[in-house]
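Working notes, structure below.
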Amino acid sequence: MQTTDGYETIYKEFIRETNLCADLDTLEALRLKYFGKKGVFNDLAEELKNAEPENKRDIGQKINTLKAQITSLFASKQTEISENVYKTRIDNCPVFDEELLINKNPLGSYHPITLVQRTCEEIFRGMGFTIEDYSEITDDFNCFEALNIPPFHPARDMQDTYYLSNGQVLKTHTSAAQNTIMKKYGAPLRAVFPGRCFRNEAIDACHENTFFQMEGIMIDKDISVSNLIYFMKTMLSEVFGHEVKVRLRPGFFPFVEPGFELDINCQICGGKGCPSCKNSGWLELCPCGMIHPKVLEYGGIDIEEYSGFAFGLGLTRLAMMKYGVKDIRTFNGGNIKALSQFTNK
Ligand code: FA5
């Protein structure tokens, strides 16, 4: 049986051994030495079992006191080692050097479509238009019906789209926002709304399945085709910084009456004909027209008082023409070398 000094010796020995522990594995080995199956406390339990009945109470108390002291010291040592591990890890972490990061990894550049979009936004903002945002997912009503394209109308074939399983659609054109914006602001109204559009399209040098348009609408008293032509001309000469040849020809869209196709002289071949313009010398860029009265009515506009024009500028094609990019697929290709060489200047 242990003397009182014996319990103290065990505790002192535990303190000595604990001080030698530098990591959690060594500390765990020490814990097993004391609390394991063949450990010190197992031997003490044996001693208690074999002790004279009159001594059992005293021995039991001493063992419990020793156990409490050792358990408490063990816990504080465990915390101390854990904290040291984290501290060492933090101390050894490489220092975050902002300067180094900036110099070694130059910042990215804006995508050419973003640059063209911002240029157009600035031009229209300067002419009193607000810039509006609209979702990429919409529904049949906004994408077609509110634009005077009822179900089963043959005009739907012009824009083969992607339907979601819940019946919604990926917007095929930015015109899908017209109704929402008319309802939001009423008349008079000047707004442009750029956005990504999706079509189930045969891809070639001037057609993508994912491309950008910028819609514009102006609704006020006495708006006519001459207002429309003025805004289109101003926008194009400002985007290109020089006069560009355009042609206006009749075009059919159920949501405008009359409707036009505004084509731009191909800036890649100068009008001679190339794959980028399908060898025609012209590129369809910005269909437009006077907003159909039914569309105005759907948008809650009083057609006795107001009229308006709308256009759907092909932003991706505008970027092709502005920057001389021969193939539209370059824009979605993700080749940083190709995409990082453009500026707004
Ligand atoms: C429309 O999308 C009509 N919503 C435009 C409109 C608005 C007409 C308001 C009248 C009034 P269209 O399908 O032609 O029209 O597309 C408009 C422009 O988007 C085209 O001239 C072209 O520049 C661009 N575009 C159309 N399809 C693609 C495509 N697959 N890839 C790249 N650009 C495209």
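Please treat every number below as a calculation from the coordinates, not as lab data. Just so it is clear, the model here is predicted, and its values are computed rather than measured. Glycine gets a Cβ as well: all are built from the backbone with ideal geometry, and neighbour counts include every protein chain shown.
Quick look at the numbers
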| quantity | calculated |
| --- | --- |
| Neighbour-count order for Cys21, Cys206, fewest beta carbons within 10 angstrom listed first | Cys21, Cys206 |
| The chain: radius of gyration and largest Cα-Cα distance (Dmax), Å | 38.7, 116 |
| For Phe14, Phe311, Phe240, Phe152, order by how many other beta-carbon atoms lie within 10 Å, fewest first | Phe152, Phe240, Phe14, Phe311 |
| Derived scalar couplings ³J(HN,Hα) [region 321-331; Karplus, 6.51 cos²θ - 1.76 cosθ + 1.60; whole Hz; x for Gly, Pro] | 6, 5, 9, x, 8, 6, 10, 4, 5, 4, 5 |
| Whole-number percent relative contact order across the chain, with pairs defined as alpha carbons under 8 Å at least 6 apart | 16 percent |
| Spatially proximal aspartates and glutamates relative to Lys322 (Cα-Cα < 17 Å; intrachain offsets below 8 disregarded) | Glu121, Glu122, Glu238, Glu243, Asp263, Glu284 |
| From phi via Karplus (6.51, -1.76, 1.60), per-residue ³J(HN,Hα) for region 73-82 in Hz, x at Gly/Pro | 5, 4, 4, 5, 5, 4, 4, 4, 5, 4 |
| Karplus (6.51, -1.76, 1.60) ³J(HN,Hα), θ = phi - 60°, over region 194-202, in Hz, Gly and Pro reported as x | x, x, 7, 10, 9, 9, 6, 10, 6 |
| Amide H contacts of Val169 (H built 1.01 Å from N, under 5 Å, at least 5 apart or other chain) | Thr138, Asp139, Asp140, Leu164 |
| Residues His153, His111 arranged by fewest to most Cβ contacts within 10 Å | His153, His111 |
| Label-to-label distance, nm, for residues given as Lys326 and Ile203 (7 Å Cα→Cβ offset) | 1.8 nm |
| Proximal lysines relative to Lys278, as straight alpha-carbon distance under 16 Å, when same-chain residues fewer than 8 apart are discounted | Lys326 |
| Cut-off under 5 Å, modelled amide H: who pairs with Trp282 long-range | Cys266 |
| GNM result for the chain, Cα springs below 10 Å: residue of Glu83, Glu261, Glu284 fluctuating most strongly | Glu83 |
| FRET efficiency estimate (nearest 0.05) - Cβ-Cβ, Cys93 to Leu48, R0 41 angstrom | 0.25 |
| Cross-link partners of Lys294 among lysines (Cα-Cα below 16 Å; sequence separation of 8 or more within a chain) | Lys183 |
| Förster-model FRET efficiency, 35 Å R0, Asn84 and Lys37, C-beta, rounded to 0.05 | 0.75 |
